[in-house]
Amino acid sequence: MLDIKFLEHFRTTLGLRKENTFFNAKPIFGAFNSVLGSMDSLTGEIDASDTLRAVSLTWEHGSEKNMNLRFAYGETIARPTFFEFTPVRLSNEAEKFTVEGNPDLRRTWWIILI
């Protein structure tokens, strides 16, 4: 992270973050799903490396610089959880619903502006 002060009342903060992801889901040989049938060929893998940027501009106001107005930009990634990613069926008896994972899920990018 880099914090740069310029002019009298402004500063900018720059950041760069590196994230590596390796996620592999393979069913046990002979596993069977009532909807999909044999799951021997259903594998999922995410192997990625991402560089995520962030920048903010701050205007410091007041004689003691006790008030800030900040504009910011940042990037983040959403990854599937283990149960979302694996091709298994899970039942929640208390709330009466069933969820089945999808090994074809991929990560998604989000851009955040504040």
> Of the peptides 4-10, 76-82, how do they stack up when ordered by the mean number of other Cβ atoms within 10 Å, highest first?
Replying inline: 76-82, 4-10
> Stretch Leu57-Glu93 to full length: gain in nm at 0.36 nm per residue minus the Cα-Cα span?
Replying inline: 8.0 nm
> Can you give the extra length, in nm with one decimal, that the chain gains between Arg70 and Phe22 once fully stretched, where that is 0.36 nm per residue apart less the Cα-Cα distance?
Replying inline: 13.8 nm
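Each reported figure results from applying straightforward, stated rules to the coordinates on display, with no laboratory input. Computed from a prediction, not measured in an experiment: that's the story for all the values here. Cβ: placed from backbone, ideal geometry, glycine included. Neighbour counts: every protein chain shown.
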